[in-house]
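Okay, so here's the structure we're looking at.
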Amino acid sequence: MKIIESVRLMGGDLLIQRFDDRPSFQARLYVPQKRRYITRSLRTTDLSVATDRAITLWRDLSPLIEKDIPVNAGSIQDIINDYLAAQDRRVQAGEILFGTRRDNEAQLRPVALFCKLQGLKKLTDIKPHTFNGFAAWRRDESLIYTTGAEGILRRTSLNKAIRELRAWWKWVRAQHLADFDLELKEVSSRKEEVREKNVAFQPDDWKRIEQELHRWTFTEQKRPDWANKKMRPIHWYGRHVLYYLISLLSLTGLRPEEATKKITWDDIEYHGKGKVKAARYQDPRCIIRVRNPEGKGSRPVVNNAGVILRMFRQYADKWRYDNGYPAIKGSDLVFAYPPTNKPYSYSHFGNLFRKLLKKLDLQGKGYTIRSCRSTYVTDMLAKGKSPYVISRNTGHSLEILRRNYEQLSEGQLANELLK
């Protein structure tokens, strides 16, 4: 290999050279810490074009060289693989769940594809503006590559993809492989769009749901022909579980997964006051201690569901005694399935609730079991409760509270403003 043309710039820190075995000009940048040059192809045989490109390259890489940030980093795919390997170690250490690691890989696969389509190979090819077109591509074009079918990615899924990309880049910066932030931001917040799922119940709809739940749970069982439905006692117990679960969620703002899989009887602390037992029984005040060292974290939930919980405990004790099941222990889940003492599947409650909505012709309004949580928050906001206190009770940050739940219904606004 013989140098046939050479130009010295920037006091010798930048060389533009052409070799006899390579037609294109090459830029060579000096790295003083390692006392050697790194080489980049300028992809042109025109010296003036090569000079412009070399100076631009020198301006981009000089800050990295001065801060001793590697400019010979591996391919983008290699860096993604390194990040996933780091996530694997976090799974082994118990810091994150395996499902999180699986989501990391699923979300970063389209990122690698986007880079390939843009002709980006090395990490140093990425600039602050590089991913500005990622959101539109991920929303409108990526599904044909990831699923094989055309379609539009929903906003929530799109934001999840953007968050994962930004999390990867945050890790890249922490490894001192880059010294700038990406310009890419999440798309418009939920507050700017009509919410489509987990919508807070309208007052009239909630009243109908309560009435139908009560009829479905208590009245129908007393009909003379209930035995003809071929429903065993455990089926009726399941109906009571759904009734008391929905009531509890609407009074506490608990996440459905917390109520069904985290709360035990020992986690409930009643604050009933009164001189006689009956008065204390009717006092609804209590505290539920959500014990969740992983995920969203542990917290106390102050609420007025004491009466509902006492009623369900009384029913569950009697049902277990009548049907030959062991008595409830304090460590048992509140909404356990008696034959196994394990949680009901979340899909079980979801399916029952969807059937209820279909019967009441309330489909298509965005109502789900999680709507109980949304209803609780919006009711508390409508009553003038402090957003900070609500966020503490529900386990949300103030930002998430404002973004997801400040959606007072027309009826609530009228009640508050037209008193």
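The values are calculated or read from the model by the stated rules, or taken from the named source; none is laboratory data. Quick caveat: nothing in here was measured; it's all calculated off a predicted structure. Counting neighbours? That spans all protein chains shown, and the Cβs are built from the backbone with ideal geometry, glycine included.
Say whether the condition of being among the β-branched types (Val, Ile, Thr), closer than 16 Å to Ala112 by Cβ, without any contact (Cβ under 8 Å) to a residue 60 or more places away in the chain and crowded, with 18+ Cβ neighbours inside 10 Å is met by at least one residue in the stretch 140-156. No, every residue in the stretch 140-156 fails to be among the β-branched types (Val, Ile, Thr), closer than 16 Å to Ala112 by Cβ, without any contact (Cβ under 8 Å) to a residue 60 or more places away in the chain and crowded, with 18+ Cβ neighbours inside 10 Å.
Here is a check on your reading of the model: is Asp267 closer than 30 Å to Gly99 by Cβ and outside the structural domain of Gly99 (by TED's automatic domain parsing)?
Yes; evaluated as a whole, the condition is true for this residue.
State all residues of the stretch 385-419 that are of a type outside the set (Lys, Arg) and modelled with pLDDT of 85 or more; if no residue qualifies, say none.
Ser386, Pro387, Tyr388, Val389, Ile390, Ser391, Asn393, Thr394, Gly395
When the stretch 132-188 is limited to residues that are assigned to a helix (DSSP H, G or I) and hydroxyl-bearing (Ser, Thr, Tyr), the one that is nearest to Asn198 (Cα to Cα) turns out to be Thr156.
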